[in-house]
Amino acid sequence: MFAETETASVKNVNRKMDSVIHVEKLNKSFGNNHILHNFDFDLLKGENVVVLGKSGSGKSVLIKCIIGLMNPDSGSVNVLGKEIPELNHQELDRIRVKVGFLFQSNALYDSMTVRENLEFPLRRHWIQKNKETVNDLVMEALTNVGLAETVDMMPSELSGGMRKRIALARTLILKPEIILYDEPTTGLDPITGKEISTLMLEVQKKYNTSSVIISHDINCVKLVSNRVVMLIDGICYASGTYDELKVSTDKKIHKFFE
Amino acid sequence: MIFIILSNDSIHASVFNFKSSLRIIAMVVSADIWKSFLSETGDIARFTGRFFTEFPRPRYEFGEFLRQAFYIGYKSLPLVAITAFIMGLVITIQSRPTLVEFGAEAWLPKMVSISLIREIAPVITALICAGKIGSGIGAELGSMKVTEQIDAMEVSGTNPYKYLVVTRVMATTLTIPILAVLADTVSLYGGFLGANIRGVVSWDLFWNQVFDTLVFGDVLPSILKTFFFGFAIGIIGCYKGYNSNKGTEGVGRSANSAVVISSLLVFVIDLIAVQITDLLQLN
Ligand SMILES: Nc1ncnc2c1ncn2[C@@H]1O[C@H](COP(=O)(O)OP(=O)(O)OP(=O)(O)O)[C@@H](O)[C@H]1O
Ligand SMILES: [Mg+2]
């Protein structure tokens with residue numbers, strides 16, 4: 001009995017050491033609206049974890065807490081060894097260079113061209129000063145998503161799928177170690193959705209990134225996930241590979257895989 | 001009326017109850033309105049306070065400030081000039097008959113220049129800017145907010161308050177006085193033309209009279225207050241946009257209330273400015 005608890009806690013420590021994101025007992029509510037209750041979550045190095053949950057279940061809130069856009073009410077959010085809620089602005093910026101964030105609504109700056117959109121994170125993080133290097137990085141990121149020809153267009157001139165890919169290019173331009181994708185394939189046709197999913201896999205292989213992916217798109221989940229976490233009623237309801245969860249007999253889980 | 005017609009006591013009482021309940025409803029409603037008014041005022045004060053704490057600290061977004069200042073000035077220049085010209089012209093034409101009645105037609109340039117410089121040109125400039133710039137800023141920041149562009153800036157190592165709010169507020173604070181000085185000049189020119197429609201006033205005579213009339217105490221307070229107009233327009237536009245609610249409807253509402261509140265503030269500031277200049281006996 002005693003030995004068993006000990007191995008469990010040792011296992012827990014190991015998990016914490018390997019993980020690039022470690023969330024423990026995270027609580028977040030808006031007024032009387034309790035979104036996350038003691039939510040636990042881990043992302044290991046090189047892993048693609050999909051967070052699955054109903055609309056409004058707090059998936060976006062979770063990754064916003066991870067990147068420090070929202071402050072949790074209580075609990076620990078540890079990213080690359082740093083406690084996010086305790087960091088000041090500068091320390092937070094230093095972590096954010098290493099963590100890419102793809103917004104659910106793309107969040108492209110619509111007063112700027114595609115080039116300026118991609119240059120923005122580079123310039124703001126004081127990274128590349130040299131004009132040619134900046135240009136090379138921009139073109140590389142655009143070529144990665146197959147949209148090099150749009151470099152001088154405005155976001156309003158692009159289609160929804162193109163905008164998604166530009167947003168992805170902007171997320172990838174800093175070569176982050178961790179990428180948080182908020183619904184990367186929602187609202188796209190199945191073919192474009194698959195292209196984006198493939199792109200995400202390529203990125204993972206090429207740069208050895210770890211990612212958290214929020215998605216309702218079962219095809220995308222199947223393709224990219226190493227592990228799936230079910231966010232139901234504010235807790236981590238279940239966790240396992242796609243194939244494991246797919247055959248689960250639990251009603252709440254089964255609904256997502258119908 | 002009802003009381004005269006109804007003699008029955010019970011009906012009388014029920015009418016009374018109806019009236020008093022109406023009064024209670026009115027009080028509750030107005031208490032709610034007061035509450036939201038006070039909480040909004042508090043929020044705006046906090047937002048403004050943040051401006052003063054963030055403004056002196058690096059990093060200074062000088063490029064963005066220049067871009068905004070140029071944009072704001074350039075966008076409003078034609079409108080301000082045309083309106084000021086028309087105001088100068090109209091005020092002169094309207095004032096003439098009264099002065100003629102008193103046999104004081106020669107005072108026309110004097111009177112017109114005082115009212116234009118002290119009051120009309122700065123306030124008209126501020127109102128136009130509240131309409132054009134205030135709504136523009138409210139809508140722009142509002143749509144950036146609802147499409148998560150402000151969050152995106154934050155994760156890209158940028159303090160969005162500094163990058164978006166401080167630069168815009170500085171731009172309006174420094175640009176609107178320049179526009180107001182321009183409006184002063186153009187409206188006086190309109191006044192000159194207005195004076196020449198009926199009577200004949202030579203160019204030299206008109207300007208001599210104007211500069212004889214206007215003293216330091218007229219011009220300086222009128223320019224000083226435009227800095228406050230500019231600040232109010234910028235801060236309200238930014239506040240409304242930055243705190244926009246979700247959805248495109250929220251963006252429209254932000255733009256709309258930015259115009260309403262900043263126009264109202266322009267008049268309030270004007271009122272305070274008048275009291276201060278009066279107290280200091282500057283005029
Ligand atoms: N800034 C906020 N203020 C108040 N409530 C919020 C805020 N952000 C999110 N919420 C609430 O938190 C809940 C979870 O929102 P969230 O955006 O995380 O949902 P989601 O799981 O990402 O859903 P979707 O799949 O539709 O994107 C919602 O009920 C929402 O109303
Ligand atoms: Mg979401």
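The values are calculated or read from the model by the stated rules, or taken from the named source; none is laboratory data. These figures come from a predicted structure and were not determined experimentally. For neighbour counting, all protein chains shown are included, and Cβ atoms are generated from backbone atoms with ideal geometry for every residue, glycine included. Surface accessibility is based on the protein's heavy atoms, side chains included, excluding ligands, DNA and RNA. Shrake-Rupley method; radii C 1.70, N 1.55, O 1.52, S 1.80 Å.
Which percent of the accessible heavy-atom area of the protein assembly as shown goes to carbon and sulfur, probe 1.4 angstrom?
Details: 17210 of 27870 Å².
Reported share for carbon and sulfur atoms: 62 percent.
Over the residues of segment B:70-156, compute the C-alpha Rg and express it relative to 2.2 N^0.38 Å. Walk me through the intermediate numbers first.
Details: Rg = 20.4 Å, N = 87, 2.2 N^0.38 = 12.0 Å.
Dividing the Cα Rg of segment B:70-156 by 2.2 N^0.38 Å gives 1.70.
What is the Cα centroid distance between segment B:168-190 and segment A:170-211, reported in whole angstrom?
50 Å
Just to be sure I understand: with springs between alpha-carbon atoms less than 10 Å apart, which residue in B:LEU264, B:LEU89, B:LEU38 has the highest mean-square fluctuation in the Gaussian network model of chain B?
Comparing B:LEU264, B:LEU89, B:LEU38 in a Gaussian network model of chain B, the most mobile one is B:LEU38.
When you have a sec, figure out the Kirkwood radius of chain A from all distinct Cα pair distances and drop it here in Å to one decimal?
Values: mean 1/r = 0.0520 Å⁻¹.
The Cα-based Kirkwood calculation yields 19.2 Å.
Determine the shielding of peptide A:68-77 by partner chains: average, over its residues, the number of Cβ atoms on other chains within 10 angstrom of each Cβ.
Values: counts 2, 6, 1, 0, 0, 0, 0, 0, 0, 0.
Mean number of neighbouring Cβ atoms from other chains: 1.
Select from B:GLY142, B:GLY88, B:GLY194 the residue whose mean-square fluctuation is largest in a Gaussian network model of chain B (Cα-Cα springs shorter than 10 Å).
Comparing B:GLY142, B:GLY88, B:GLY194 in the GNM, the peak value goes to B:GLY194.
Of all the C-alpha pairs in segment A:18-83, what % are more than 20 Å from each other?
Working: 485 of 2145 pairs.
Of the Cα pairs, 23 percent sit more than 20 Å apart.
What does the buried accessible surface come to for A and B, summed over both chains, with the probe at 1.4 Å? Round to 100 Å².
Values: alone 13520 and 16090 Å², together 27870 Å².
Buried surface at the A/B interface: approximately 1700 Å².
Would you mind working out the accessible area per residue for segment B:59-279, using a 1.4 Å probe, and quoting it in Å²? Could you put the intermediate results ahead of the total?
Details: 9910 Å² over 221 residues.
That works out to 45 Å² per residue.
Of the peptides B:95-102, A:230-237, how do they stack up when ordered by the mean number of other Cβ atoms within 10 Å, highest first?
On the way: B:95-102: 13.2, A:230-237: 17.9.
Ranking, from highest mean packing down: A:230-237, B:95-102.
Please state, as a whole number in µm²/s, the translational diffusion coefficient that the Stokes-Einstein equation yields for segment A:34-127 at 37 °C and 0.692 mPa s, with Rh defined as the Kirkwood radius across alpha carbon pairs.
On the way: Rh = 15.3 Å.
The Stokes-Einstein estimate is 215 µm²/s.
Relative to 2.2 N^0.38 Å, what does the C-alpha radius of gyration of segment B:162-218 come to as a ratio? Two decimals please.
Working: Rg = 17.0 Å, N = 57, 2.2 N^0.38 = 10.2 Å.
Here the answer is 1.67, to two decimals.
Going by amide H atoms built from the backbone, whose H comes under 5 Å of the H on A:VAL51, apart from near neighbours?
A:ILE213, A:ILE214, A:SER215, A:VAL229
What are the ³J(HN,Hα) couplings of segment A:244-258, residue after residue, when phi is run through the Karplus curve with 6.51, -1.76, 1.60 and θ = phi - 60°? Round to Hz, x for glycine and proline.
Along segment A:244-258, the couplings run 5, 6, 4, 8, 5, 9, 4, 4, 4, 6, 4, 3, 6, 9, 6 Hz.
Per residue and in cubic angstrom, what volume does the convex hull of the Cα atoms of segment A:96-139 have?
On the way: hull volume 3.6 nm³, N = 44.
Once divided by residue count, the hull of segment A:96-139 is 83 Å³.
Would you compute, from DSSP H runs of 4+ residues alone, the mean residue ellipticity of the protein assembly as shown at 222 nm, taking -39500 (n - 2.57) per run and dividing by the full residue count, rounded to the nearest 500?
Numbers: 21 runs with 336 residues, N = 541.
After summing the helix terms and dividing by residue count, I get -20500 deg cm²/dmol.
Pairs to check: A:LYS206/B:LYS145; A:LYS64/B:LYS246; A:LYS82/B:LYS246; A:LYS59/A:LYS222. Give those whose C-alpha atoms are more than 22 Å from each other in this structure. All intermediate terms of the calculation are to be shown ahead of the outcome.
Values: A:LYS206/B:LYS145 34 Å; A:LYS64/B:LYS246 16 Å; A:LYS82/B:LYS246 31 Å; A:LYS59/A:LYS222 19 Å.
Result: A:LYS206/B:LYS145; A:LYS82/B:LYS246 exceed 22 Å.
For the pair A:THR133/B:THR41, report the inter-label distance in nm, with labels modelled 7 Å from Cα in the Cβ direction.
With each label point 7 Å from Cα toward Cβ, the separation is 5.4 nm.
How shielded is A:106-116 by partner chains, expressed as the average number of their Cβ atoms within 10 Å of its Cβ atoms? Show your work: numbers first, answer last.
Details: counts 4, 10, 4, 6, 5, 3, 1, 0, 0, 0, 0.
Taking all residues of A:106-116 together, the mean is 3.
What does the charge dipole of chain A about its Cα centre add up to, to the nearest 20 debye, if the Cβ of each Lys and Arg holds +1 and the Cβ of each Asp and Glu holds -1?
Working: 32 positive and 33 negative charges, 17 e Å.
Once rounded to the nearest 20, the dipole reads 80 debye.
Please work out the C-alpha center-to-center distance from segment A:87-159 to segment B:24-102 and express it in whole Å.
Measuring centre to centre over Cα atoms gives 35 Å.
With the other protein chains left in place, how much accessible area per residue, in square angstrom, belongs to segment A:69-140 at a 1.4 angstrom probe?
Dividing the accessible area of segment A:69-140 by its residue count gives 51 Å².
Grab the eigenvalues of the alpha-carbon gyration tensor for segment A:121-162, scale each by 5, take roots, and send me the semi-axes largest first in whole angstrom. Provide the component values of the computation, followed by the final result.
Working: eigenvalues 94, 27, 16 Å².
Working from the Cα gyration tensor, I get semi-axes of 22, 12, 9 Å.
Given an 8 Å cut-off on Cα distances and at least 6 residues of separation, report the relative contact order of chain B as a percent. Numbers along the way, then the final one.
On the way: 332 pairs, mean separation 79.5, N = 283.
Relative contact order for chain B comes out at 28 percent.
Label B:ASP212 and B:THR53 with points 7 Å out from Cα along Cα→Cβ: what is the distance between them in nm?
Taking the two extended label points, one gets 5.6 nm.
Per 10 Å bin from zero, what fraction in whole % of the C-alpha pairs of segment B:104-226 is there, up to the bin with the longest pair?
Values per bin, smallest distances first: 12, 32, 22, 16, 11, 6, 1.
Averaged across B:154-167, how many Cβ atoms of other chains sit within 10 Å of each residue's Cβ atom? Please report the intermediate quantities before stating the final value.
Working: counts 8, 17, 16, 16, 6, 3, 0, 0, 0, 1, 0, 0, 0, 0.
Mean partner shielding for this stretch: 5.
Give the Kirkwood hydrodynamic radius (Å, one decimal) of segment B:59-279, defined as one over the mean of 1/r across all pairs of different Cα atoms.
Values: mean 1/r = 0.0539 Å⁻¹.
Answer for segment B:59-279: a Kirkwood hydrodynamic radius of 18.5 Å.
Rg and Dmax in Å for the protein assembly as shown, alpha carbons only: what are they?
Expressed in Å, the Cα Rg and Dmax of the protein assembly as shown come to 31.3, 111.
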